[in-house]
Amino acid sequence: MLLIGYGNPGRGDDGLGPALSEAIVARGLPGLEVDTDYQLVAEHALAVSEQDVVIFVDAEIGAEGAYSFREIAPGAPEVLGSHSLVPQTVLALCDTLYGARPKAFVLGISGYEFGEVKEGLSDKAAANLAAAEAFLLEWLQKADQQREAAHA
Amino acid sequence: MTEPRLIEISPVTRVEGHGKVTIHLNAENEVDEARLHIVEFRGFERFIRGRLMWEVPVIVQRLCGICPVSHHLAAAKAMDMIAGVDQLTPTAEKMRRLMHYGQVMQSHVLHFFHLAAPDLLFGFGAPAEKRNIFEVIKENPELGKRAVLMRKYGQEIIEATAGKKVHGTGAIPGGINRNLPIERRDHFLASVDQMIEWSLDAVKLARNYTLEHEDLVAEFGSFPSNYMSLVRESDGALDLYHGNLRALSSTGDMIFDQVPYTKYHELIVEDVRSWSYMKFPFIKTLGPDAGWYRVGPLARMNTAAFIDTPLADAALKDLKAVTCGTPNNSTLANHWARMIEVLHCVEKIRELLNDPDLQGTDLIAKGDRREEGIGVIEAPRGNLIHHYKVDEHDQVTYCNLIVSTTHNNEGMNRAVKDVAVKHLSGKEQITEGMLNHVEVAIRAYDPCLSCATHALGQMPLQVELFNADGALVDSLTQCV
């Protein structure tokens, strides 16, 4: 399983993705690879192709609630005209290049302050980060239990 | 001692990574004016004030998610000067060069294969749904896989030399904080010949496109201009990491040569215009009308006397033969030049990997401290200037950055207008394919428009078309 947190920590709440990655790395969870990047790029397709499950974590603008979590499918090929990709395009690239279709999810954490050049999260975003991390840990635990049950 | 301060500017202007093209038509539907607006990240010059000098090479990487290493190294070179170090240890310089070649390689590969290839393979006016890398992969799946692996190779070089892909801490004032362990060297050596072979194929691909579309390349967004880059101090060879400044005219006349980059401000004036946040640099002796210039891969091919790696040098001679040795003014030839640089970088990487200095332990040099530092590097998109002053507490009091996209501002605007006039003027209906022609011209420069946030992929280039009455008649949004 791979978790990719991405965003620019120098732009306030855009650092939510990397902040979650760092928090998860600090926990040293077995069986979970963690990557941190500024943005999604083409070679993430290769990394994703080697996994059975991938979770993309990004800041989200204008969403309801502290965070959202949803399964996604390959798509949005038209977006691959940029240095920066969306998760669906990474999956499509992964499928097209390597014939791999891992299960994939997006964890979007609500952020509010993106305009200023500053490090650190807003208070509301930091609270959302904590809520998203708690959710993710619970989700990972359930996923582990399901996997163990399937192998039993 | 004064406490470190964080200075924040609010509101911060010039921070978005969005680019916008506006095209104004007259009553006859002829293009009256066409402009590229890029809101560059100039706020950083104020933001950095008050930070400690040793922090700067790490902080400035946050200017850009595409070429953070270039900012890291340019700032580190400036801090070397402040640390009083004029000559790095061999290990430090070679580790930094390795980092830089990895960066230029991966950046160019991504641009050529993923961003430019769909335009080049399917035509500028092809349907939008056709112009993406997935269609390229359908025609040539091997190309897509190579592009990913080549870029991954460059990214891994960055990680090995800077510590991590993003916000690496490799370069520090006066040197580097790590060497390259033998096992990492062997990892890279194992596939470097494969990278060279693929780079040769990429040069061939770009070369053949340029020559097979000679008429298109000659007229598309092309015009004479001056060119500027660093060249190697001793002999004028291409040098992406260090050297002196050289500028040539469109016909190859030397404007200035082997000028230390610490004197850049004596050579270049940064002009401002009312309609753009971005400055318009020009060569002081020539004035604003005649003194504008271009930087980047093609500019470097034009200014370099030769390349000191054999395969890339042969490729350079091939490119120069097209214009009988005089500067090549064809904007689209940037793609060919870019691939020659990929080949050069990989040749340099192989050369460095075989150099035992990379395993040296003498990492930092020392000198007599100064209060001003200027670092210049040839970033993937062209010349990049970082200029700082610090106070007695090592806090930054002054910062001036001239990034590649700013150097190319006038050139990109001219390319936009040239293409708009040729492909949109007089047309009753403006199609998406026509507007894409404008984007192709911009894309040839590979401008960096994305120095801001990327939450959920919001980084569009917007094209707006206005009629003679000033009313918006068409618009298109596309990521670049």
Once you average over the residues of A:55-64, how many Cβ atoms of partner chains fall within 10 Å of each Cβ? 2
Above-threshold pairs, the threshold being 31 Å between Cα atoms, out of B:K130/B:K417; B:K20/B:K204; A:K118/B:K145; B:K94/B:K279; B:K145/B:K279: B:K20/B:K204; A:K118/B:K145; B:K94/B:K279; B:K145/B:K279
Quantify how strongly other chains surround peptide B:131-137 by giving the mean number of their Cβ atoms within 10 Å of each of its Cβ atoms. 5
Shape verdict for chain A, please, from the Cα gyration tensor: rounded (a/c under 1.5), prolate (a/b greater than b/c) or oblate. oblate
Any chance you could give the angle, 0 to 90 degrees and rounded to 10, that helix B:432-443 forms with the longest Cα principal axis of chain B? 30
What quantity of accessible surface, computed with a 1.4 Å probe and excluding non-protein components, is buried in total between chains B and A, in Å² to the nearest 100? 3700
To the nearest 10 degrees, how steeply does helix B:68-82 sit against the main Cα axis of chain B, on a 0 to 90 scale? 40
Cut-off under 21 Å on the C-alpha distance; same-chain residues fewer than 8 positions from A:K103 excluded. Which lysines are left, in chain and number order? A:K142
Separation in nanometres of the label points that stand 7 Å from Cα toward Cβ, at B:E55 and B:A321: 5.5
Label 7 Å along Cα→Cβ of B:N400; segment B:55-86 residues with amide nitrogen under 17 Å? B:75, B:78-79, B:82
For segment B:335-367, which trypsin sites (Lys or Arg not before Pro) are both in a DSSP coil and crowded by at most 14 other Cβ atoms within 10 Å? B:K366
Is it possible to state the helix-based mean residue ellipticity at 222 nm for chain B, with each DSSP H run of 4+ residues giving -39500 (n - 2.57), the sum divided by total residues, to the nearest 500 deg cm²/dmol? What is it? -12500 deg cm²/dmol
Just tell me the longest site-free run in chain B, where the sites are GluC sites (Glu not before Pro) in a DSSP loop having at most 15 other beta-carbon atoms within 10 Å. B:31-232
Please give the charge dipole size of segment A:2-151, origin at the Cα centre, charges +1 on K and R Cβ atoms and -1 on D and E Cβ atoms. Round to the nearest 20 debye. 240
Distance in Å, no decimals, from the C-alpha centre of segment B:141-181 to the one of segment B:213-268 is 28
Among the GluC sites (Glu not before Pro) in segment A:1-92, which ones are in a DSSP loop with at most 10 other Cβ atoms within 10 Å of the Cβ? Mind listing them? A:E64
Run the reach check for B:K152 against lysines, Cα to Cα strictly under 20 Å, same-chain hits fewer than 8 apart removed. What comes back? B:K164, B:K165, B:K348
Which of rounded, prolate, oblate describes the protein assembly as shown, given a ≥ b ≥ c as roots of the alpha-carbon gyration tensor eigenvalues and a/c under 1.5 marking rounded, otherwise prolate only if a/b is larger than b/c? rounded
One finds the C-alpha centres of segment B:331-390 and segment B:73-122 to be spaced, in Å, by 5
To the nearest 10 degrees, how steeply does helix B:90-109 sit against the main Cα axis of chain B, on a 0 to 90 scale? 20
On average, how many beta carbons from a partner chain sit within 10 Å of the beta carbon of a residue in A:36-48? 6
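The values are calculated or read from the model by the stated rules, or taken from the named source; none is laboratory data. The model shown is predicted, which means the values in this text are computed figures rather than measured ones. Counting neighbours? That spans all protein chains shown, and the Cβs are built from the backbone with ideal geometry, glycine included. Note: accessible area is taken over every heavy atom of the protein model, side chains too, but ligands, DNA and RNA are not part of it. Shrake-Rupley method; radii C 1.70, N 1.55, O 1.52, S 1.80 Å.
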